[in-house]
Structure formats: C-alpha cells, structure tokens
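Below is one structure; the comments refer to it alone.
No lab work stands behind these numbers, since they all come straight from the coordinates. All values derive from a computational prediction rather than experimental measurement. Neighbour counts are summed over all protein chains in view; Cβ atoms, including those assigned to glycine, are modelled from backbone coordinates with ideal geometry.
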Amino acid sequence: MAASSFASTPVAPTIKLSSGASIPVVGFGTWRAGPGETESSVYCALQSGYRHIDCAKIYGNEKEVGAGITRAISEGLVKREELFLTTKVWNDSHTTERTQRSVTESLADLQVSYLDLVLIHWPVEFAYLPEKGMFPRDDKGVVINDTDPSSGASIKACWQALEGLVSAGSVRSIGVSNFSIEEIQTLLAYAKIKPVCNQVELQPYFPQDELLAFVKSQNMILVHYSPLGNLRNKGAEDDTPLNDPVVATLAKKHSKSAAQIILRWGLQQGHVVLPKSVTPSRIRENIALFDFELDAEDMVAMKALGAKQKRYVNPTFAFKNGASGANVFPKSAL
Ligand code: A2P
C-alpha cells in the first residue's frame, strides 16, 4: 500500500490478505468497551468511517456490538458487505464442537450470517469449566489447563475446526493472535488454510521486529491491538508511547495528536491498527490518519523508541517462554 494513497480518503483504505479478502487498515477495537457504552461507540465508529470492527468472545460485549452494527445497517449508514468483522475463539473452546459453538454464538450476537475473520485468541488452552467462568482457576488462583498445553493438540483441533467453518461458508478468513514464531511454525506444518494474520500487541515501545520479519515471509500481516499502549493498565499512564517526548515532537511538527502519530507509524509499516475508544472525539481522531505522512527521519525517530521493549499486555497465563516486557497486566482485568 503506497502511503500517498492515503491522501483525503474518507474511509480507511484496505490491504489484501492471503485469503484474497480486503481488510481496512484501521479497525475499531472493542476490548474493555463496557456495558452501556459499546453500542453507541460502535455506531459512532461506523458514522466516523470505520468499516472494520474487532471483537472477541471473551470481551463479553458482542451483543452490544451487534446492536450498534444492526442500528447502522437498518438506518442505511452501512451495508453488511462493506464491513469487516473479526471475532476470536477463547482459550476454553478449542475442541471442534466448542469452536463451532463459539463462532455460532458470535454470529448470533453480532447478528450477521458470516464473519470476515476468526482468530485463535491465545496459543493457550484452559479447561472448559463453565461453572468457574472463562478463567477457571484452582484454589491458588492458577488457571487450570485440560491437557499438556505444550502438546499443541488443542490448537490443532481449533484450527481444523476453523478450516471447516471456512469450507462451510460462515467464516471468510482465519488467523491467530498472540502467537510466537515457533507457534506459527507448528501450525503451518498442518494447516490446509494458512493464517492470514497474527494479531498482537504492537506499539512503538514494543515493535516486534523479529515477529514482523517472520510473518512477512509467510505472506501474513500483523494487526496491532493496544496500538496506543493500553492506557487502562494500572500504573501505565505515565510511561506510554502516548506521553513520549519524541511522539510529542512529531505531533507538533505535523499538527496532529500523539495518538495519530503512533497510529500513522503503524500504518506506514503496512500494518493494521485497532485503536479502542469509547469517546466520540477520540473515535474520530483515531481514523483521521490519511491527510499527512511521516517522513523517513520521523520513522527513524519512532524506530528508536523500540529499544524500550515494553509490553503492556502480559497476562500471567501467557508468554511462559521468556517474553520480554514488564508484567503490568492485572489478573482481574482480562
Ligand atoms: P477511552 O476509551 O476512554 O476514550 P489501546 O487501543 O492502546 O488499548 O488504548 C485504549 C485506551 O486509550 C483507552 O483507555 C482509550 O480511552 C484511550 N484512547 C483511545 N484513543 C485515544 C486518543 N486519541 N487519545 C488519548 N487516549 C486515547
């Protein structure tokens, strides 16, 4: 995607996925959009030009997202075929039957007949214990696994179930989220349908350079969740890319906000960004990214921020194999 193609685009441009589908490069994040604010935020996003909404079963708000989408469609604001809708299968639902059920429930809650993209949410398997909720913990607070997670068996079952849903027509593209290079390689060894993307935390302090090089070599793309540094994490408010002096300098230079500089940086690397906001002015700001361009010098300055290697989303159940970055993610917040 040429950066110049951004100029005065009313809605975000799209890039092609390996499945042939087109994904808008700015998506609307819905993680932590709470009850009573999700429907209006989704509707506001659609009014503001977003055509890509990122959802997940675990966010617990897909009914409200669906209500916002349905309202926009019924008012003639958008057509279903103009939208790109993503959901994710949670860690306790990797068997064939539960994967199918999870997707069926997401389809019903979102009030649509197909999904554009479904992801395996984490390369981690939880026991399915509905009486304990979606984070089944033992007496010590440790999440309970069903089988040896290192076997990868549950990921294989989930992937094959998703491939079946693509063949059945209810899902257009499939991918993964929070996967390491090794975990993608394992999946590629048996995948009949290749993952189109890996959705991961990616922001200037955590640019994931190695993962990026690998996914490019596999004709996949990276999708950034928490592209602004996930500001709701306790204690993270003061040390995020949004408050970084380099970003502030670039914001001044381009007469844009810090958020717009960060999001534009992601787009210019060929990525897809998923800013979340429930604030109408920010929702509009976060997609107003196509009337300016960071120059080579700006991109070099942004690249230097990656030396921080600071990850904000680092739940205790994941990244057991030596992930870098401080664990600032409170257990209760997922
Ligand atoms: P809110 O939803 O109250 O508007 P991330 O996408 O990195 O996870 O960050 C989401 C957080 O960033 C939310 O707390 C959101 O607040 C805040 N946020 C979203 N857009 C902006 C913006 N343009 N400027 C400042 N904060 C923002």
**Message:** With only alpha-carbon atoms in the gyration tensor, what are the semi-axes of the equivalent ellipsoid for the chain, in Å, largest first?
**Reply:** 29, 24, 20
**Among Gly66, Ser19, Cys44 the positive-end extreme of the charge dipole of region 11-77 (Cβ point charges)** = Ser19
**Complete:** Listing Ser22, Ser93 by rising number of other beta-carbon atoms within 10 angstrom, fewest first, gives Ser22, Ser93
**Prompt:** Using a Gaussian network for the chain with springs between C-alpha atoms less than 10 Å apart, which of these wobbles most: Ser74, Ser113, Ser154?
**Reply:** Ser74
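Given charges of +1 on the Cβ of Lys and Arg and -1 on the Cβ of Asp and Glu, with all other atoms neutral, how large is the dipole of region 39-123 about its Cα centre, in debye to the nearest 20? Mind showing how you got there, number by number?
Values: 9 positive and 12 negative charges, 12 e Å.
Here region 39-123 has a charge dipole of around 60 debye.
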**Asked** What residues qualify as long-range amide H neighbours of Phe206, i.e. H under 5 Å apart, gap of 5 or more or another chain, H built at 1.01 Å from N?
**Response** Lys310
**Item:** Fluctuation leader among Lys303, Lys253, Lys57 - the chain, Gaussian network, Cα springs under 10 angstrom
**Value:** Lys253
**Prompt:** What list do you get for Phe290, Phe214 if you sort them by fewest beta carbons within 10 Å?
**Reply:** Phe214, Phe290
**Message:** Apply the Karplus curve 6.51 cos²θ - 1.76 cosθ + 1.60, θ = phi - 60°, to the phi angles in region 280-295 and return the couplings in whole Hz, x for Gly and Pro.
**Reply:** x, 5, 6, 4, 5, 4, 6, 10, 8, 10, 10, 10, 8, 9, 7, 8
**Prompt:** Among Leu263, Leu110, Leu305, which one moves the most in a GNM of the chain with springs linking Cα atoms closer than 10 Å?
**Reply:** Leu305
**Prompt:** Whose amide H sits under 5 Å from the amide H of His52, counting only residues 5 or more places off or on another chain, with H placed in the peptide plane?
**Reply:** Phe28, Phe84
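To the nearest 20 debye, what charge dipole does the chain have about its Cα centre, counting +1 at the Cβ of each Lys and Arg and -1 at the Cβ of each Asp and Glu?
Details: 34 positive and 35 negative charges, 35 e Å.
So the magnitude is around 160 debye.
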